Every structure is written in structure tokens, then in C-alpha cells.
Amino acid sequence: MENNRNSSPTYRGWETSFKPSLKTADEMGYFDENPSFIIKNHFKNICLMIEERNFRDTHFYTKVILGIENEARKNNFDILVNFMNKDDFQIPKSVQSRKVSGILVVGTIKDEHLKMLLDYGIPIVQVDHTSFLINTDAILTQNIPGSYMATKYLIDKGHTQIGFFGEIDFSLSFKERWLGFNEAMRASELNVDPILNVDPGYCVIGSVEKYVLSKNYKEVASIISKMEKLPTAWVCSNDSAAITLYNALNILGLKVPDDISVVGFDDIDICKIINPRLTTIKVNKELMGVKAIQKLLWRMNNIKEPYDHIRMEVKLIERESVKELK
């Protein structure tokens, strides 16, 4: 989801598939100051805020937005897409002029920016992210149970030297998946480390997401080549990280799963066609978008009710990327 994806040929086709009801706010002309327009349409518009790199992601957020768009259309709402810039955050004009009746924030947003949005008194639902300090409704994934499930699966296959691959400070989801991995290792009683529960020598949890997003497999291969030891299996922050490992390990002459087993998270489409097919944790991405709209519409009519976090169910999809050691 880095800038290199902005020119992805799949983006144009994806964008076209959403027209005419899903367009950017500029295309829709909603920034024109027209009082009669506001009166007639205020309750039929929803502002969707997302970083542009995520909007152009053809693997995860595309499917989430598809669910959002379909459910919004069923309820006669239009989606106004507004791109966020975390370094130069701007309140959308449609929000400033209150031309929308609800806001969906898809992906990460800074707390200070979330506070700015809340000041407008418009219902907000966060999707795939939530704040530790600010209360809003949120649609999330069972990240901790999912990563626990993936790690336990590897342990049951006979693996004891297990690492985690992914930048844990990149997003809330990645952080939670790291926690699920840690908890599974602690519960396994493998006695890897009496304090940490995991062996840090097997883990790559620093600044690697930029290489995953840019598909810089050589740099990841370089990082791996400098590790003092390698695990027999890796639990990954998501499927894109797992696919990056496939390619980096191949550069190093290592094969999945013969040399190292790999488990992903999300179950994006490519998991079914890469070789070997990737064992992963499935997230119902379109349903996440559907639930986001349903929660937002409910919130519009229940302003004073307590906030709610919905965690989407996950399940293990077993394929061919894990070798049994028993």
C-alpha cells in the first residue's frame, strides 16, 4: 500500500466498477456551496475517509469498500471518498458544510485528527482501526484470536522455533496479531524465554513494511541473510508480508515450506494461486464493509447509545505452505 501501487493497472478497473455511486467528492461536485442541495441531500451522503495508498490497495481495502458501497446503495446512500494525508490532515469540505450524515474512517487515523472530526458532531464509525483514548464505534477483526490460531496450528504441526514477520507498529491490526502470536507461544509452554515467551532472534518486527509495500524483496532478503538464526516457521502480519517472504527466501535459495513454513493473515485472492498456496487466516472483508454501514446507519438514529466495537470472525484456511515436522 505504498505509493508504488498508485500506478497499479488494476486500480482503474476497480475504480470504474464502483461508478456511478462511488466517486471522489470532487467528481460529485459536493463542494459547491448550494443551500438547496444541502437541504435535499444531507441525509443521503456518507463521507468515507481513507489514505490514498489504502484506497488503491487491490487486496484488502478494495474488498472492504466494495461491501461499504453495496450496503450504502441498498439504503439509498452515496459514498463520498476523501483521501487523508496523515502529515497534512484536512477536514473534508463536505464535513465542514455538513453535507454528510455520517463518516466512515477506513484504516489508521491519528487521535488528534479523529478529535477534529468529532468536533463536527457527525456520527463516526472506524473500520479496521480504533483509538485507545477516544471512544467511537468500530468494526475490527479478531486479530489476536486469529494470530493465536495460526501460531497454535504451527505448534501442532511440530514447530517449536517460530518467529513473527511484520512491522508491529505499522497498524493496530499488526500490533494485535503480534500479541496473539505472543500469547500462543506463552500458552504452549515451550519455554522459549521465561519473560518474553518468544525468541526475538527469530522475529523481524521492525521497519519492514515499506519493503513489503514496495515489493523490495532484495532488501528483505538482505535483512534475513543477516539474522544469526532462522526459525522453522514464520507467522506473518498479513498475506502481503507472507508473499514478500516467499520471494525473499527464494532469493536466498530457501523454499516454502521445505526449508521454512509460512502462515499469512487476511486470505487475499493471490493466496490461492501462488506456489505453494498460502495457509492463512481468513477475514470476511466485504462483510466488514457491510457491518460498517449498518453500524453507521444505526448510530445516526441512536446518537446517545453506548459505543460498540464489532470484531469480525476469522478462521484458519489450511493450504500447502506449512510443513509438518512430526
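Being open to solvent by 20 Å² or more (accessible area, probe 1.4 Å) and over 19 Å from the mean Cα position of the chain (by Cα) is the requirement here; does Asn85 meet it? Spell out how you get there, then give the answer.
Details: open to solvent by 20 Å² or more (accessible area, probe 1.4 Å): yes; over 19 Å from the mean Cα position of the chain (by Cα): no.
For Asn85, the condition - open to solvent by 20 Å² or more (accessible area, probe 1.4 Å) and over 19 Å from the mean Cα position of the chain (by Cα) - is not met.
For the range 229-250, a residue qualifies if it is open to solvent by 50 Å² or more (accessible area, probe 1.4 Å) and under 22 Å from the mean Cα position of the chain (by Cα), and exactly one does: Asn247. If you go through the range 251-309 and pick out every residue that is over 23 Å from the mean Cα position of the chain (by Cα) and of a type in the set (A, V, I, L, M), you end up with 7.
Reported count of residues in the range 107-116, each being open to solvent by less than 20 Å² (accessible area, probe 1.4 Å) and in contact (Cβ under 8 Å) with a residue 40 or more places away in the chain, is 2. Within the range 120-146, the set of residues being more than 26 Å from Ser101 (Cβ to Cβ) and either open to solvent by less than 20 Å² (accessible area, probe 1.4 Å) or among the aromatic types (Phe, Trp, Tyr) (or both) comprises Phe132, Thr141, Asn143, Gly146.
Within the range 125-147, how many residues are among the aliphatic types (A, V, I, L, M), free of Cβ contacts under 8 Å to residues at least 60 places away in the same chain and farther than 18 Å from Val314 by Cα? It would help to see each step written out before you state the result.
Of all residues in the range 125-147, those among the aliphatic types (A, V, I, L, M) come to 125, 127, 133-134, 138-140, 144.
Checking which are free of Cβ contacts under 8 Å to residues at least 60 places away in the same chain leaves us with 133-134, 144.
Now drop any that are not farther than 18 Å from Val314 by Cα, which leaves 133-134.
Of the residues in that region, 2 qualify.
So which residues in the range 147-167 are open to solvent by less than 20 Å² (accessible area, probe 1.4 Å) and either at pLDDT below 95 or assigned to a loop (DSSP other than H, G, I, E, B) (or both), if there are any at all? Answer for the range 147-167, where residues must be open to solvent by less than 20 Å² (accessible area, probe 1.4 Å) and either at pLDDT below 95 or assigned to a loop (DSSP other than H, G, I, E, B) (or both): His159, Gly166. Screening the range 253-308 for residues that are of a type in the set (Val, Ile, Thr) and open to solvent by 10 Å² or more (accessible area, probe 1.4 Å) and picking the one that is farthest from Thr160 (Cα to Cα) gives Ile303.
Please verify whether Phe170 is aromatic (Phe, Trp, Tyr) and either open to solvent by less than 20 Å² (accessible area, probe 1.4 Å) or over 18 Å from Ile243 (Cα atoms) (or both), treating the condition exactly as stated.
On the way: aromatic (Phe, Trp, Tyr): yes; either open to solvent by less than 20 Å² (accessible area, probe 1.4 Å) or over 18 Å from Ile243 (Cα atoms) (or both): no.
For Phe170, the condition - aromatic (Phe, Trp, Tyr) and either open to solvent by less than 20 Å² (accessible area, probe 1.4 Å) or over 18 Å from Ile243 (Cα atoms) (or both) - is not met.
The values are calculated or read from the model by the stated rules, or taken from the named source; none is laboratory data. All values reported here derive from a predicted model rather than from experimental measurement. As a convention, Cβ positions derive from the backbone with ideal geometry for all residues, glycine included, and neighbour counts pool all protein chains shown. The area values use the complete protein model at the heavy-atom level, side chains included, leaving out ligands, DNA and RNA. Shrake-Rupley method; radii C 1.70, N 1.55, O 1.52, S 1.80 Å.
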